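K.L.:
Below you will find the structure I want to go over with you.
The values are calculated or read from the model by the stated rules, or taken from the named source; none is laboratory data. Only a predicted model underlies this, so the values are computations on that prediction, with no experimental measurement involved. With ideal geometry, Cβ positions are generated from the backbone for all residues, glycine too; neighbour counts draw on all protein chains shown. Each accessible area value is taken on the protein alone, full model and side chains, heavy atoms only, with ligands, DNA and RNA left out. Shrake-Rupley method; radii C 1.70, N 1.55, O 1.52, S 1.80 Å.
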Amino acid sequence: MVKVIAFDIAVELIIKLSSRALSQIGLWWNLKHDLDDLKSTVSTIKTGLLDAEERSVTSHLVKDWLDKLKDILYDADDLLNDFSTEALRKDLMGGNKLTKRYAFSYQAQTSLLMVSEWVVKLRPLRRG
């Protein structure tokens, strides 16, 4: 089994945070500042991760910290996947005018719920 290191997860998050889909979501729901802050935080963490990975071999404290950090990074990755899925869904939504009107009504309700859930999830990730 391949060992996943926190550095690789952080790099993947930075790539996702730089994507066009997440930029759109950030603009649509006024989360751009929060996403930019998260990207900055992950970039800062990433700089020390390789050294921490090496130290985790001999330090149980560092290993425990890295395990907890991986959980946080995976939570952020799941959240960004939700953002990307929502952006794709919005891009692919089609149909005639009547379908669009009902879809928009449903989408407006579900989008408001999703955004409020995302904000609740995103803020603790920023604080780490």
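One line per residue, one yes/no per condition, for (1) open to solvent by less than 40 Å² (accessible area, probe 1.4 Å); (2) over 17 Å from the mean Cα position of the chain (by Cα); (3) modelled with pLDDT of 85 or more:
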site	(1), (2), (3)
VAL4	no, yes, no
LYS68	no, no, yes
LEU73	yes, no, yes
ALA87	yes, no, no
ASN96	no, yes, no
VAL115	yes, no, no
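K.L.:
For the stretch 46-66, how many residues are open to solvent by less than 90 Å² (accessible area, probe 1.4 Å) and either touching a Gly at 6+ places or on another chain (Cβ under 8 Å) or without any contact (Cβ under 8 Å) to a residue 12 or more places away in the chain (or both)?
P.N.:
Of the residues in the stretch 46-66, 6 are open to solvent by less than 90 Å² (accessible area, probe 1.4 Å) and either touching a Gly at 6+ places or on another chain (Cβ under 8 Å) or without any contact (Cβ under 8 Å) to a residue 12 or more places away in the chain (or both).
K.L.:
Please give the helices (runs of 4 or more DSSP H) falling wholly within the stretch 15-97 in which 3 or more residues are within 19 Å of ILE5 (Cβ to Cβ).
P.N.:
Output list reads 32-55, 60-92.
K.L.:
In addition: Quick one: PHE104 ticks every box in (1) within 13 Å of the chain's Cα centre (by Cα); (2) modelled with pLDDT under 60 bar one, so which box is it?
P.N.:
(1)
K.L.:
Looking only at the stretch 24-45, count every residue that is open to solvent by less than 60 Å² (accessible area, probe 1.4 Å) and within 16 Å of ASP82 (Cβ to Cβ) and tell me the total.
P.N.:
Number of matching residues: 8.
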